[in-house]
1. Report, by residue number, each residue of the range 200-212 that is β-branched (Val, Ile, Thr) and either free of Cβ contacts under 8 Å to residues at least 12 places away in the same chain or touching a helix residue (DSSP H, G or I) at 6+ places or on another chain (Cβ under 7 Å) (or both).
2. Does the range 200-207 include one or more residues that are within 24 Å of Thr122 (Cβ to Cβ) and either of a type outside the set (A, V, I, L, M) or surrounded by 24 or more Cβ atoms within 10 Å (Cβ to Cβ) (or both)?
3. Keeping to the range 200-228, report how many residues are at negative phi and part of a loop (DSSP other than H, G, I, E, B).
4. Return only the number of the condition from (1) under 29 Å from Ala5 (Cβ atoms); (2) surrounded by 15 or more Cβ atoms within 10 Å (Cβ to Cβ); (3) free of Cβ contacts under 8 Å to residues at least 40 places away in the same chain that Val166 does not satisfy.
5. Filter the range 189-199 down to the residues that are touching a residue at least 60 places away in the same chain (Cβ under 8 Å), closer than 22 Å to Ala220 by Cα and of a type outside the set (Gly, Ala, Ser) and list them by number.
6. Given Glu149, Glu177, Glu129, which one is out of contact with any strand residue (DSSP E or B) (no Cβ under 6 Å at 6 or more places or on another chain) and closer than 20 Å to Ser99 by Cα?
7. Scan the range 169-188 residue by residue and report those that are touching a residue at least 60 places away in the same chain (Cβ under 8 Å) and either touching a helix residue (DSSP H, G or I) at 6+ places or on another chain (Cβ under 6 Å) or not in a loop (DSSP other than H, G, I, E, B) (or both).
8. For the range 141-155, enumerate the residues that are buried (at least 23 other Cβ atoms within 10 Å of the Cβ) and in contact with a helix residue (DSSP H, G or I) (Cβ under 8 Å, 6 or more places away or on another chain).
Amino acid sequence: IVAAARQLNLTTCQTVATGNSVKIGVIDGGIGFYHAALENKALSGYDFIDDDNIAYDEPGGTISGHGTFVAGVLHLVAPMASLVSYRIIDEEGRGDGFSLARAIEQAVDDGCQILNISLVLTHEHLAVEEAIAYAVSQGVVVVGAAGNESHSTPIYPAADPNVISVAAVDTSLQLTEFSNFGTTIDICAPGLSVYSSYQNELYGWWSGTSFAVPFVAGEAALIKQLAPSLTPSEIADLIQSTA
């Protein structure tokens, strides 16, 4: 994470913007709200798995800690942004497109200006496409993971034209062995051996395009603070043209 912060010039960036007054919807497996690294910046939106208002990162599964890890990277990049948790996958990573669509719509209605979607669908999903289109029509920037299968087949929702699709590079700025690639990718960000917050006040190392996404979503939050009138496509163009 030190190398990533240095490569992205975060120290200098944060003298200009910190994500203040920007809300980022974290559509994932929940967030560990009480982790010290998040400094009370993480809030609960809704838990679509348990159907309640506590979108917490539940322990005990193979994907437990994923949402907290993503939130830690977002907080690193945009430390003053508010992170709002929408839990749509369980501890084993199981979920459905309908819950993703509902979460996107609720996050928009809750006032989130950036959506971090560090997960993938097995197929295109009409309800998700419509929810993303709704988000963009409301000025919301949507950022998604390109996937970890090391192929060029489009992966959704990241391959949706309204989503900024993020692939993963290593510390040498080379594509990682696991990252997907191809014409639907919009941008690359650090995704190999990222260090971030984990469960139970712990920290860990993790690799994947899931963790490249929050670097870009965090950047979008910095831009949104400075230029709130920019459209999602203008923010995407700015991120790409200055990479």
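Each reported figure results from applying straightforward, stated rules to the coordinates on display, with no laboratory input. Keep in mind the model is a prediction, meaning the values are calculated, not measured. Note: ideal-geometry Cβ built from the backbone for every residue, glycine included; neighbour counts use all protein chains shown.
1. Hits for the range 200-212: nothing passes.
2. Looking for residues that are within 24 Å of Thr122 (Cβ to Cβ) and either of a type outside the set (A, V, I, L, M) or surrounded by 24 or more Cβ atoms within 10 Å (Cβ to Cβ) (or both), one finds at least one in the range 200-207, hence yes.
3. Here the count works out to 4.
4. Every condition holds for Val166 apart from (3).
5. Across the range 189-199, the qualifying residues are Pro190, Val194, Tyr195.
6. Glu129
7. Thr171
8. So in the range 141-155, the residues buried (at least 23 other Cβ atoms within 10 Å of the Cβ) come out as 141-147, 155.
Matches in the range 141-155: Val141, Val142, Val143, Gly144, Ala145, Ala146, Gly147.
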